[in-house]
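The values are calculated or read from the model by the stated rules, or taken from the named source; none is laboratory data. Note that this is a predicted model, so its numbers are computed, not measured. Here Cβ is always computed from backbone atoms with ideal geometry, including for glycine, and neighbour counts include all displayed protein chains. When the accessible area is computed, the model is the full protein with side chains, heavy atoms only, and any ligands, DNA or RNA have been set aside. Shrake-Rupley method; radii C 1.70, N 1.55, O 1.52, S 1.80 Å.
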Amino acid sequence: MRHVTLLLLALVACRETSHRIVTAARPIAPVEATDLDPAADVVRVALTASRLADGGDFLYAYNATNPGPTIRANVGDTLIVELTNDLATATTIHWHGVAVPFDMDGVTWMRDPIAPGATFTYRFELPTAGTFFYHPHFDTESQVEGGLYGALVVHDPAEPTPDVDIVLIADLADELQPGGGQPHGHGRRVAKWRINGIEDAELSVPGGSTVRARFVNASNVGILALRAPGLLQIASDQGLLPAAVSPERLILGPGDRADLELSIGAEDLTIQTEPYSLNGGDQWGDAIDLLRVVVDTPAPAPAPLAWPFPGGVVSDDPGYADIVYALAGSDRSRTWMINGERFPNVTIESITLGEVAYVDVVNLSPSEHPFHIHGLAFEVLTVNGAPPAYRTVEDTIELGIRDRVRLRVDADNPGDWMTHCHILPHAGDGMMTVLRVE
Ligand code: C2O
Ligand code: CU
């Protein structure tokens, strides 16, 4: 097994730029995208998707790096991404979690994918601050597994600048192999998580610093159950929570994101993930070290930063739903359905632009499903009939076996939005539908 120890040598985020780039000699952090546009409110990035020559851990990459470059911009900026497809197959980019115009969403059931050798320019405004995720939405399972993904970080200048602002993208190796990457679930192998493509990753930070750790689960099938002493979560899919929370354990299914605030003092810290399977939550086995945070010069731990938390309480449950999505299927038949239908042979449900819609999702199947809606955000109103402990606005929510959730969807973005399970083999085997906003 490789054991990689990488020191992040220059840790202090560059305060001169608005995008807080973390520079490092040999970074654990993903490469930062270069902004090619001089205008302050425009970020223009060039990405090339290609097959890597020497194989190695990854088959494909954006700009020959795994993860793909971290794109940073401020809320309200215009993002322009010129994608060149150097793959032998078609591809697209989907901006997971971002309320983009429909024709920028990277889906291919109404628009052709980008052919080999072709280029396409994505262009849209960034309406919401938070940690987002970009990846192909064509041949998705193998292209994501091959290494095509990266983070899009949208900063809000009203939020404080931590000493270190780092993207931590988790993925599992060999998820396309039989039994590969099944996290403790099928008893065939123990999953090996990587952070930013590195097994046994270490992050070295000076004592006395505050780290904003932006976790993204880019795995095809693996569910993270994060644990760390004093775990403090400040943000989820759609930006800051109403207030910081300290869950004992943080479940992040594929496509999910969460930002942690780490106040580094004199003690090293290990962030672990517990055995947790899509075939039924908790599993036997030991927790796996995901990331070791090593203190290079001990100093008193800083106080938590003054985040402009929005506050707010869970909205009222109206007592009914406009749409019910029932998730069903099985691994044995490799048939996964929403309301008994498999994409693309699905009924398109419509909701009215400018209105609020209530959507129930009920999981009738013997598997967990991270349920994701494109182009829209939703508030979680109830989980198994009871309101959650605090208000969260999400685009991806993990449903355990037999779970039922009620979501409040703001139909503020017109389009034919793909709605699916983010276990990529489930989506590929049919667990996908379309929610129309018109
Ligand atoms: Cu990450 Cu259809 O999405
Ligand atoms: Cu699923």
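When you scan region 23-47, how many residues do you find that are at pLDDT below 95, of a type outside the set (Gly, Ala, Ser) and open to solvent by less than 40 Å² (accessible area, probe 1.4 Å)? Of the residues in region 23-47, 1 are at pLDDT below 95, of a type outside the set (Gly, Ala, Ser) and open to solvent by less than 40 Å² (accessible area, probe 1.4 Å).
Within region 336-364, the set of residues being loosely packed, with under 15 Cβ neighbours inside 10 Å and of a type in the set (Val, Ile, Thr) comprises THR347, ILE348, THR352. How many residues are of a type in the set (A, V, I, L, M) and in a strand (DSSP E or B) when one looks only at region 207-225? Here the count works out to 5. Counting only strands (runs of 3 or more DSSP E) wholly contained in region 334-391, the ones carrying 2 or more residues that are of a type outside the set (S, T, N, Q) and more than 27 Å from GLY222 (Cβ to Cβ) occupy 349-351, 356-363.
Residues that are part of a loop (DSSP other than H, G, I, E, B) and farther than 22 Å from ASP410 by Cα were ranked within region 119-154; the one that is nearest to ligand 2 (Cβ to nearest atom) is HIS137.
Among all positions in region 409-430, there is at least one residue which is of a type in the set (D, E, K, R), closer than 22 Å to MET110 by Cα, within 15 Å of ligand 1 (Cβ to nearest atom) and not assigned by TED's automatic domain parsing to the domain that holds GLY97. Within the set ASP286, ASP317, the sole residue that is assigned to a loop (DSSP other than H, G, I, E, B), over 30 Å from PRO127 (Cα atoms) and of a type in the set (Asp, Glu) turns out to be ASP286. Filtered by the rule that a residue be under 17 Å from LEU327 (Cβ atoms) and not in a loop (DSSP other than H, G, I, E, B), region 392-408 gives GLU394, THR396, ILE397, GLU398, LEU399, ARG404, VAL405, ARG406, LEU407. Candidates ALA321, ALA287, ALA306: the one that is at pLDDT 95 or above and surrounded by 14 or more Cβ atoms within 10 Å (Cβ to Cβ) is ALA321.
If I filter region 155-164 down to residues being of a type outside the set (D, E, K, R) and assigned to a loop (DSSP other than H, G, I, E, B), which single residue comes out as nearest to ligand 2 (Cβ to nearest atom)? Here the answer is PRO162. Within region 196-222, being modelled with pLDDT of 95 or more and of a type in the set (A, V, I, L, M, F, W, C) holds for LEU203, VAL205, VAL211, ALA213, PHE215, VAL216, ALA218.
Only one of the numbered conditions (1) open to solvent by 10 Å² or more (accessible area, probe 1.4 Å); (2) on the phi > 0 side of the Ramachandran plot is violated by GLY239, and that is (1).
Of all residues in region 409-438 being acidic (Asp, Glu) and surrounded by fewer than 20 Cβ atoms within 10 Å (Cβ to Cβ), which is farthest from HIS135 (Cα to Cα)? Taking the candidates together, the pick is GLU438. Considering only residues in region 387-408 that are β-branched (Val, Ile, Thr) and away from ligand 1 (no atom under 16 Å from the Cβ), the one that is surrounded by the most Cβ atoms within 10 Å (Cβ to Cβ) turns out to be VAL405.
Kindly evaluate VAL383 against the criterion of being more than 14 Å from ligand 1 (Cβ to nearest atom), within 29 Å of GLU248 (Cα to Cα) and in contact with a Phe, Trp or Tyr (Cβ under 9 Å, 6 or more places away or on another chain). It is false that VAL383 is more than 14 Å from ligand 1 (Cβ to nearest atom), within 29 Å of GLU248 (Cα to Cα) and in contact with a Phe, Trp or Tyr (Cβ under 9 Å, 6 or more places away or on another chain). The set of residues from region 152-194 being modelled with pLDDT under 60 and more than 22 Å from the chain's Cα centre (by Cα) comprises GLN177, PRO178, GLY179, HIS186, GLY187, ARG188, ARG189, VAL190.
Okay, residues lined up against (1) small (Gly, Ala, Ser); (2) over 30 Å from PHE378 (Cα atoms); (3) without any contact (Cβ under 8 Å) to a residue 60 or more places away in the chain; (4) within 16 Å of ligand 1 (Cβ to nearest atom):
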site: ASP200; (1), (2), (3), (4): no, yes, no, no
site: PRO206; (1), (2), (3), (4): no, yes, no, no
site: ALA218; (1), (2), (3), (4): yes, no, no, yes
site: GLY222; (1), (2), (3), (4): yes, no, yes, yes
site: GLN238; (1), (2), (3), (4): no, no, no, yes
site: LEU241; (1), (2), (3), (4): no, no, no, no
site: GLU261; (1), (2), (3), (4): no, no, no, no
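In region 319-372, what residues are within 28 Å of ALA386 (Cβ to Cβ), aliphatic (A, V, I, L, M) and away from ligand 2 (no atom under 16 Å from the Cβ)? The answer is ALA321, ILE323, VAL324, ILE351, VAL356, ALA357, VAL359.
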